[in-house]
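What follows draws every value from the coordinates through simple rules; no lab data is involved. These numbers were taken from a predicted model, which means no experiment stands behind them. Because the Cβ atoms are built from the backbone with ideal geometry, glycine has one as well, and the counts that use them run over all protein chains shown.
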Amino acid sequence: MSRAFDLNLLPVLVAIHEHGSVTAAAQRLGMSQSAVSTALAKLRQKYGDPLFHRAGHGMKATARMRALFQPLRDALGSMDDTFVSESAFKPGTTQRTFTFAMSDLGEMVFLPKILKRLRELAPRATIRSVAASAAHIERSLATGEIDLAVGYFPDLREKSFLEQHLFFHHFVCLLRADHPVTAGTLSRSQFLSLEHAVVYGAGRTHEIFERYLRSKKLHRRVVLETPHFLSIPSIISRSDLVVTVPHAVGLFVKDVHMDIRIAQPPMRTPKIDLKLHWHRNFQRDPKNKWLREVVAELFTDESDEWRE
């Protein structure tokens, strides 16, 4: 490879590999699609290899490209470090916006403590919480429009995303206070004989419990499906229905609605692994790194305020 080789072309290879298409790479790099295509053509000529083949609507790396990818990404990351190390993030004076992806349940669990701590450490900053589709969250984490996703996000499993465990939650059942079933722990026959409500919330924690029931071949009668946690207290308090929810919801509802009580399900339910997620593009970014450290310090298994 000649000394005249343009090093500015290399981020194009990394971006196409990470995002799977010329279009997505162009969006990530802030370039036109034609400019990325031109850069790719030059790189193919320099390396004497196609580097990527078309696969459906995307691009699949060749064996040569797969071998190049990690060394290139590491080299570019090292180059980035020489710049970001000179510009330390100053939370006390920043006026930037911290943007989190959270479900409605996630806001209940995470947002009060995050808001309080960030108001203390970065009083001039703005805090923003967003709910969006999985695809939108993925794109926004990659571009930096969203800084962190906090909670249960099962779709963020690609190699471009990094994660850190915060704490586990489990499931509980909610019934009205004067429900004819008075047991503190439901028997299996009670659980299966009752009529159920199910919250199919955007946070998707219900999927964990539903998969568990299917794995055990347990079938209950569901008479109500709703996407909203907000309506559940009123519905449960005025009916004989039972609903199974993450225990943070149970504790919150119990505190504000005196006519609802918590009962334990008859089985040992699976745990919800709540995590911090960010994109590899911002692994070394001073703002993102600082924000991750703040959130990770607030939420651990040992300091979980929602534990029973």
Quick one, which of (1) 18.0; (2) 19.6; (3) 15.1 is the actual mean projected area of the Cα convex hull in nm² calculated for this model?
-> (2)
With Cα atoms, 0 to 90° folded angle of helix 134-143 axis to the chain main axis = 40 degrees
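Which value, in debye to the nearest 20, gives the size of the charge dipole of the chain about its Cα centre, when Lys and Arg are +1 and Asp and Glu are -1 at the Cβ? Intermediate results must be reported in sequence, preceding the final value.
Working: 42 positive and 33 negative charges, 172 e Å.
Approximately 820 debye in magnitude.
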Rounded, prolate or oblate: which one fits region 171-263, using the alpha carbon gyration tensor with axes a ≥ b ≥ c (rounded when a/c is under 1.5, else prolate when a/b beats b/c, else oblate)?
-> oblate
State the answer as a single residue: which of Ile260, Ala101, Gly184 lies farthest towards the positive end of the charge dipole of the chain, with beta carbon charges of +1 for Lys and Arg and -1 for Asp and Glu, about the Cα centre.
-> Ala101
Can you tell me the 0 to 90 degree angle between the C-alpha axis of helix 104-121 and the longest principal axis of the chain, rounded to 10?
-> 60 degrees
Which of the trypsin sites (Lys or Arg not before Pro) found in region 149-238 are in a DSSP loop and have at most 11 neighbouring Cβ atoms, other than their own, within 10 Å?
-> Arg157, Lys159, Lys216, Lys217, Arg238
Taking the DSSP beta bridges in the chain as the whole, what percent of them are antiparallel, to the nearest 5?
-> 60 percent
Enter the angle in degrees (range 0 to 90, nearest 10) between the Cα long axis of helix 286-298 and the first principal axis of the Cα atoms of the chain, meaning the one along which they spread out most.
-> 20 degrees
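Helix-derived [θ] at 222 nm for the chain: sum -39500 (n - 2.57) over DSSP H runs of at least 4, divide by residue count, nearest 500? Kindly include the intermediate steps, with their values, before the conclusion.
Numbers: 11 runs with 128 residues, N = 308.
Theoretical 222 nm ellipticity from helices: -13000 deg cm²/dmol.
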